[in-house]
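FYI, it's all coordinate maths here, none of it is from the lab. Just so it is clear, the structure is predicted and the values come from calculations on it, not from any experiment. Heads up, the Cβs are rebuilt from the backbone with ideal geometry, glycines too, and the neighbour counts pull from every protein chain shown.
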Amino acid sequence: MAAHPGGFELNRRSLIRGAGIGAVGLAGTQLLAACSGGSSGGGGAGGGGSATFGSNASDEVPKKAYAAFVSAFEKKSKDTIQTKTSDHNGFQEKISNYLQGSPDDAFTWFAGYRMRYYAKKGLVGDVSDVWSKIGSNYSDALKQASTGDDGKQYFVPNYNYPWGFFYRKSFWQSKGWEVPGTFDELVALAKKMKTAGIIPIAFADKDGWPAMGTFDYLNMRINGYQFHVDLCAHKEAWNSSKVQEVFDTWKELRTYQDPSALGLTWQEAAQKLGNKQAGMYLLGSFVTQQFTDKAVLDDIDFFPFPEVKVEGTDSVEAPIDGLMLSKKGAQNQAAKDMLAYLGTGEGQLAYWKVDSSNIMTAKDADTSGYSAFNKKLGDVIANAKHISQFFDRDALPAMASNVMIPALQNFTKSGSIDLANLETQAKSLYANQ
Amino acid sequence: MSGIQPIGLSPATTPGPEGTRPPARARGRLRALTRRDAVVLAVMVAIPTLIQLVLVWLPTVASIVLSFFRWDGLTLGGFQFVGAANYRFVFAESPAFWPAVLHNVVWLLFLAVIGTPLGLLLAVLLDQPIRGSRIYQSIFFVPVMLSVALIGIIWQLFYSQDNGLLNSLLGTAGTPRAVDWFGNSNVNLWAALVAATWRHAGYIMILYLAGLKGVDPSLREAAALDGANARQIFFRVVFPAMAPTNVIIVVITIIESLRAFDIVYVINGATNGLELVSALVIQYLVGEGQVIGIGSAFAVVLLVISLVPIVFYLSRTFSTKER
């Protein structure tokens with residue numbers, strides 16, 4: 001079996017690592033355990049293995065949630081997982097160097113272009129054999145999202161979360177505001193809110209990425225899902241009247257977005273929604289992590305981005321977060337078992353119980369704990385015809401972070417956008433990959 | 001015993017037992033290095049040269065070469081020569097480059113006009129025999145030693161829009177009139193410059209304190225005896241006497257403003273009015289949006305700009321030595 005040479009590799013590594021800390025006895029047991037794990041062909045019942053896990057879950061709630069998942073896995077498998085948590089944005093920015101250096105066996109990552117790119121470059125581990133065990137537990141859309149360009153799987157989804165408008169029910173009721181179904185209704189509502197002296201749409205773009213959510217939705221609602229995906233892959237040009245229309249529409253909305261967005265982080269903007277300074281907030285459902293007061297949390301409701309030009313709202317932005325293996329980790333049975341465990345309802349529930357702002361992706365996940373709010377979010381994803389991953393996950397990272405962030409910040413500030421220049425830069429950058 | 005004498009060695013380098021050499025040649029041999037000295041010297045020259053080669057020249061040459069290629073930065077191979085395309089991106093296509101150059105110039109002027117003189121002022125004040133001078137020196141030097149992350153937090157406390165110290169003092173915290181120190185691109189460069197000066201002044205102060213200690217006290221005494229007042233003593237005697245320090249300070253101020261990066265990076269990732277050339281290099285070379293060729297082109301442009309003060313410094317140093 002192909003696992004055998006891999007198994008040997010693991011033995012040698014663990015032996016060296018064990019000897020390094022001077023625990024020769026421990027190394028011996030690791031050797032034995034790894035042998036049994038290897039010879040059983042990855043049954044997962046080996047136990048006593050160990051793996052490292054690089055986590056980008058630096059925010060408090062997800063950090064605790066991954067800790068809960070890891071300890072549930074350790075309990076079940078008797079493997080030892082060493083978790084190393086890095087700053088969320090920092091982890092993302094260092095990923096190329098991280099994967100080329102000495103990465104952990106398993107690490108947190110995202111579906112989309114970002115996953116496929118590193119898979120194509122051969123920097124991450126193939127988890128197709130894990131998928132042969134857990135595949136039936138995921139929808140086709142999720143399997144598709146976990147598959148690289150070569151048809152192999154490289155990613156195991158944990159959860160996803162829809163983007164949309166969040167608002168406080170009681171606040172809206174007291175003011176007599178109603179959920180808008182179309183863009184015109186949204187603008188009319190925002191106008192009312194502005195006259196009432198509050199910020200209609202909370203908005204934060206100091207970190208640059210949140211504005212991409214507005215762009216993605218407007219583009220999908222005006223030009224359709226396929227155009228959006230093709231634009232992200234630069235199969236469509238930026239200097240087209242179609243993209244111009246997106247920004248023209250955004251201009252209308254811009255006057256109702258928080259004008260101080262460029263100095264705010266999404267957490268600060270969430271506070272404005274929480275304390276009723278702002279009427280609604282277009283963000284991912286992770287926004288609810290910010291509401292530690294149960295009364296506020298229970299008061300939060302959600303509505304999808306309204307219809308603009310394309311009929312309906314069945315394209316949903318719902319980025320998928322999950323785990324991947326490094327090349328080295330693909331040789332480590334304990335790391336593979338951990339990913340397989342994430343593909344079970346049990347594993348996902350261990351995570352979800354702590355961080356319930358997201359939607360579990362496994363079919364057999366026990367959703368009896370879902371609140372009406374969670375169910376609503378889950379239904380939006382379940383009923384979606386198309387799921388996008390967010391601009392910085394669907395597009396070339398250099399395009400997203402080096403070009404779009406400054407361009408959208410400038411648009412936020414001045415209301416003008418140089419599409420011809422975006423196209424020129426896109427041409428140069430996509431040619432470089 | 002006779003086997004000890006190595007056959008291959010020439011007589012000149014072998015301190016042979018013959019003792020038949022003329023005295024003049026013997027003296028010549030005494031002046032030459034012994035083999036041990038030669039080895040020590042060779043090692044002492046070779047190691048720094050090697051370090052210099054591997055850590056400075058190799059990356060520099062690699063950057064220059066890579067700036068003419070396309071490369072994904074991941075696999076060896078797949079290099080594609082693109083001529084000046086990466087430079088065209090830098091100069092013509094990237095909207096951030098020229099603002100970044102402008103910001104670097106503003107940065108340099110600000111440090112030269114405010115930061116460095118402030119450091120000099122602190123040094124002169126703390127060089128006086130005042131009580132607790134060491135404590136003040138330490139306090140002003142602390143910012144130089146703090147980590148970037150900590151500096152980010154400290155200035156966030158000052159500048160935050162809703163609950164920062166500055167807006168609280170102005171009475172605008174939490175109101176729509178609050179100054180958005182980090183988000184407003186008209187003010188955030190100045191906010192960052194104040195933070196940079198806070199660090200830079202401490203650094204300059206330490207250098208000038210050392211420089212002031214090096215000025216011969218008899219010069220001051222002589223000037224005082226000649227009836228010069230304190231200002232005249234400083235500007236006519238002490239300051240010119242610190243010429244070597246002044247050259248270093250000029251170079252450091254220029255270099256600091258060219259490699260200024262950390263403060264703007266912790267504020268907002270060096271976008272929205274805080275673009276700097278060094279930050280663009282980082283953005284395109286080490287971040288997730290890595291594009292090796294373009295990043296290298298940015299790096300080469302920064303290198304060429306940096307060569308100006310370096311050449312100035314080196315030519316000053318060597319010409320003084322020749323004199």
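What to note about this one:
- Take the Cβ atoms of A:Tyr430 and A:Lys75, set R0 to 45 Å, and the FRET efficiency comes out at 0.45.
- Projecting the Cα atoms of B:Gln80, A:Phe390, B:Ala260 onto the charge dipole of the protein assembly as shown (Cβ charges, centred on the Cα centre) puts B:Ala260 farthest toward the positive pole.
- Restricting the calculation to Cα atoms, chain B shows an Rg/Rh of 1.13 when the hydrodynamic-style radius is the Kirkwood one.
- Taking the Cα centre of the protein assembly as shown as reference, the dipole from Cβ charges on Lys and Arg (+1) and Asp and Glu (-1) amounts to some 2700 debye.
- With a cut-off of 16 Å on the backbone N, the residues of segment A:289-333 near the modelled label site 7 Å out from A:Glu252 along Cα-Cβ are A:305-312.
- If both residues of a DSSP beta bridge must be in chain A, then about 60% of such bridges are antiparallel.
- Neighbour-count order for B:Tyr203, A:Tyr430, fewest beta carbons within 10 angstrom listed first: A:Tyr430, B:Tyr203
- Estimated 222 nm signal from helices in chain A, with DSSP H stretches of n ≥ 4 weighted -39500 (n - 2.57), rounded to 500: -14500 deg cm²/dmol
- Evaluated over segment B:99-259, the Cα radius of gyration and Dmax, each in Å: 18.9, 61
- Amide H within-cut-off set for A:Val124, under 5 Å, with H built and near neighbours excluded: none
- Karplus-derived HN-Hα couplings along segment A:157-169 (A = 6.51, B = -1.76, C = 1.60, θ = phi - 60°), whole Hz, x at Gly and Pro: x, 9, 9, 9, 8, x, 8, x, 8, 10, 8, 9, 3
- Net charge dipole, segment A:218-275: roughly 40 debye, given to the nearest 20, about the Cα centre with Cβ charges of +1 for Lys and Arg and -1 for Asp and Glu.
- Computed across the protein assembly as shown, the Kirkwood hydrodynamic radius from all distinct Cα-Cα pairs reaches 30.2 Å.
- Candidate lysines - alpha carbon under 22 Å from A:Lys152, same-chain residues fewer than 8 apart omitted: A:Lys120, A:Lys121, A:Lys133, A:Lys143, A:Lys327, A:Lys328, A:Lys336, A:Lys363
- The H on the amide N of A:Phe165, modeled in the peptide plane, is under 5 Å from the matching H of A:Phe303, A:Phe305, each at least 5 residues off or on a different chain.
- Note: relative contact order over chain A, using C-alpha pairs below 8 Å and six or more positions apart, is 25 percent.
- Dipole magnitude of segment B:99-259, debye to nearest 20 (Cβ charges: Lys/Arg +1, Asp/Glu -1, about Cα centre): 120
- Between the listed residues A:Thr313, A:Gln290, A:Phe303, the Cα displaced farthest toward the positive end of the dipole of segment A:264-319, a dipole computed from Cβ unit charges relative to the Cα centre, is found at A:Gln290.
- Equivalent-ellipsoid semi-axes for segment A:215-331 (Cα gyration tensor, √(5λ), whole Å, largest first): 27, 25, 14.
- Derived from the Cα gyration tensor, the three semi-axes of the equivalent ellipsoid of chain A are 41, 24, 18 Å, largest first.
- Cut-off under 5 Å, modelled amide H: who pairs with A:Trp209 long-range: none
- With Cα atoms, 0 to 90° folded angle of helix B:148-159 axis to chain B main axis: 20
- Of A:Val403, B:Val291, A:Ser132, farthest towards positive along the dipole that unit charges on Lys, Arg, Asp, Glu beta carbons give the protein assembly as shown: B:Val291
- With helices as the sole contributors, chain B gives -19500 deg cm²/dmol at 222 nm; each DSSP H run of n ≥ 4 counts as -39500 (n - 2.57), and the sum is divided by every residue.
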